[in-house]
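Read the figures in this text as sums done on the coordinates, not as results from a lab. As the structure is a computational prediction, the values presented were derived from the model and not from experiment. Cβ atoms come from the backbone with ideal geometry, glycine included; neighbour counts cover every protein chain shown.
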């Protein structure tokens, strides 16, 4: 035990002496939270619309003003031909084109139905879907008014009643994307420290040759590895605490759950991640190689984990793949605990799976480590 | 008891044979040197002794222990200084020493006597990061760290490579002192002038030992007469000597060309020969062979053996 304690002390001396590392460890969460939580948002705030009104009637103008009245739409320009409007979209000046054909009002009065055309710039598929949904809602609204204007025969009371839904969004009532992102970014941060720093630290001993001198000492492999991994375990948990404080102070993220439970789960999760770091380190002789392998694995895991997009929306094979993605479990649980206030009973499944994961990865890593040294 | 007994050790890396059936003994309390050019297999041999590598075949006993199966017990009694500086460059001199003392389960104070002579040179810089020390001081620190647990056997892989002449001399004096304190010292070096400082030396080339003996005996075994030749145009002289029918061996050593000849040297014949080649200002003196001459001779005969 004394040896482990001494190696941990040595590692901390080295970490704190490294002038580039320590500031980054504490500046990174602040910068990432500020930039990512603010920039990576899926809220649609402004839709640039151009209008081609070939009808120029009262009805068409009323439809356009309906769009104009919505806080999301900004009518950028009105064109006389669809060609001009398409050119504007091509230049990126319009996100959506509203095309009202010539006989819009006449058709509406005579035949009780009329056609309009919406053209949406769908380079960003997600945004296009939202624009389509918003626009449809506005047109439906317009439709209802038109019916009540045109139909002069009094409608029986029962028929006029429509079902009105007022949604209430649980766990994130304002649909704030920040509340969703901040816990996710914290997950990424501690993963980086656990996987990258620990892995690089192990490989560094090989790269600069210090392992040669260590190997001739009577030190146990287990003591050496534990002594090298524990500092990063502590550091990552400290980073989580720091990041949570920043999230609370800067974004006022609601924290409904139990803090010891979150840290307990993070501690377990970090054991898995450190196991990964150790495993990767056995494949690399230089920090450059280690960085490359770790980056590859972390990139796939993070992108699949549900950091930006919901795991439930992924195809089945991706969801199956996510069963071996430790980051996905952590993303789910950290959001559950912070935003939902989930207790131990709600996350017991994830606890069991990650515990099993830890046993597997650490044995794999130790087996590889023995084989290579 | 012998400190190291090696019998027919072979080590192979894929196709490359690094050591070919190497056998030797290092006696207890001896200062033993392995001399040989780069790539001769010195580092591989040392790594085998230090239990960092397993031999393909042959038997090896270090301090009576088998480095393959009893490495745990062996590592407590062994001090190893790798050829490459292997201490933590970002830790200070004192922190490095303290670290190695702790993982060997001892303290600096406990064995301070042993390292005092060496450590006192670098103690004024004990708060300096190891990476910022000069080459000679780095070696002294590495030696201190290798000694901190009072090993019975100390193996040093090319400790003086890249160290200035004064520090080299100092370093060898330290090794002599350690030997006096009862530590067996095994050292490798590419510098042949350092061979004379060892009790016994092994000449190693291409994975084979050419000769294991005291430096005196190795020199005495040099049977042929040796001559030193000098001229203004040394390069031309060397070429012409090698082309001379009675020349056995010719090598450039500093200011002289050392040459040996088949049978008795006929000076007039040689001078006449060189005159025809346009070299007139030749100076010939008989010289006492050094260890380098012996090594060159052994190397050449080893190579001819191989080609046969």
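Each principal axis of the stretch A:1-94 carries a Cα extent, and these read 87, 24, 19 Å when sorted largest first.
Compared with the dominant principal axis of the Cα atoms in chain B, helix B:135-147 is inclined by about 50°. Shape analysis of the protein assembly as shown based on the Cα gyration tensor places the equivalent ellipsoid semi-axes at 81, 33, 20 Å, largest first. Estimated from helices alone, the mean residue ellipticity of the protein assembly as shown at 222 nm is -16500 deg cm²/dmol (sum of -39500 (n - 2.57) over DSSP H runs with n ≥ 4, per residue). Distance between the C-alpha centres of the stretch A:81-120 and the stretch A:1-77: 33 Å, rounded to the whole angstrom. For the stretch A:47-160, compute Rh as the Kirkwood radius over C-alpha pairs and then the Stokes-Einstein diffusion coefficient at 20 °C and 1.002 mPa s; write the answer in µm²/s, rounded to an integer. So the translational diffusion coefficient is about 144 µm²/s.
The alpha-carbon atoms of chain A define a convex hull whose volume equals 189 cubic angstrom per residue.
In terms of its C-alpha gyration tensor, the stretch B:162-287 has a prolate overall shape, because the principal axis ratio a/c (a ≥ b ≥ c, square roots of the eigenvalues) is not below 1.5 and a/b outweighs b/c.
At full extension, residue B:20 and residue B:255 could sit 81.0 nm farther apart than now, given 0.36 nm per residue minus the alpha carbon distance. Using a simple spin-label model with pseudo-atoms 7 Å out from Cα toward Cβ, residue A:222 and residue A:133 lie 5.4 nm apart. With everything on Cα atoms, drop me the angle between helix A:198-208 and the longest principal axis of chain A, reported from 0 to 90° to the nearest 10. Taking Cα atoms only, the helix is inclined about 50 degrees. Scaling the Cα radius of gyration of the stretch B:3-64 by the globular reference 2.2 N^0.38 Å produces a ratio of 1.08.
Residues of the stretch A:17-37 with backbone nitrogen within less than 13 Å of a virtual label 7 Å along the Cα-to-Cβ line of residue B:90, please, listed as ranges. Within reach of a label on residue B:90, which here means backbone N under 13 Å from a point 7 Å along Cα→Cβ, the stretch A:17-37 contributes A:17-25. Computed FRET efficiency, Cβ-Cβ of residue B:272 and residue A:20, R0 51 Å: what is it to the nearest 0.05? Here the calculated transfer efficiency is 0.10. What number, in percent, do you get for the relative contact order of chain B if the mean sequence gap of Cα pairs under 8 Å and at least 6 apart is divided by its residue count? So the answer I get is 19 percent.
Normalised by residue number, the volume inside the convex hull of the Cα atoms of the stretch B:223-288 is 78 Å³ per residue.
Our note on the geometry: Cα centres of the stretch A:323-343 and the stretch B:157-173, 60 Å apart. Contact order, relative form, for the stretch A:48-107: 56 percent (alpha carbon pairs under 8 Å, 6 or more residues apart, mean separation divided by residue count). In chain A, the longest principal axis of the Cα atoms and the axis of helix A:326-335 are about 60 degrees apart. For chain B, evaluate the Debye formula with one uniform point scatterer on each Cα (no solvent term) and list log10 I(q)/I(0) at q = 0.07, 0.12 Å⁻¹, rounded to two decimals. Evaluating at q = 0.07, 0.12 Å⁻¹ gives log10 I(q)/I(0) of -0.34, -0.85. Could you tell me the distance between the Cα centroids of the stretch A:247-286 and the stretch B:70-118, to the nearest Å? First find each Cα centre; the distance between them is then 36 Å. Sequence-distant contacts, meaning Cα pairs under 8 Å at least 6 residues apart, place the relative contact order of chain A at 18 percent.
FRET efficiency for the residue B:193 to residue B:27 pair, using the beta carbon distance and R₀ = 22 Å, is estimated at 0.40.
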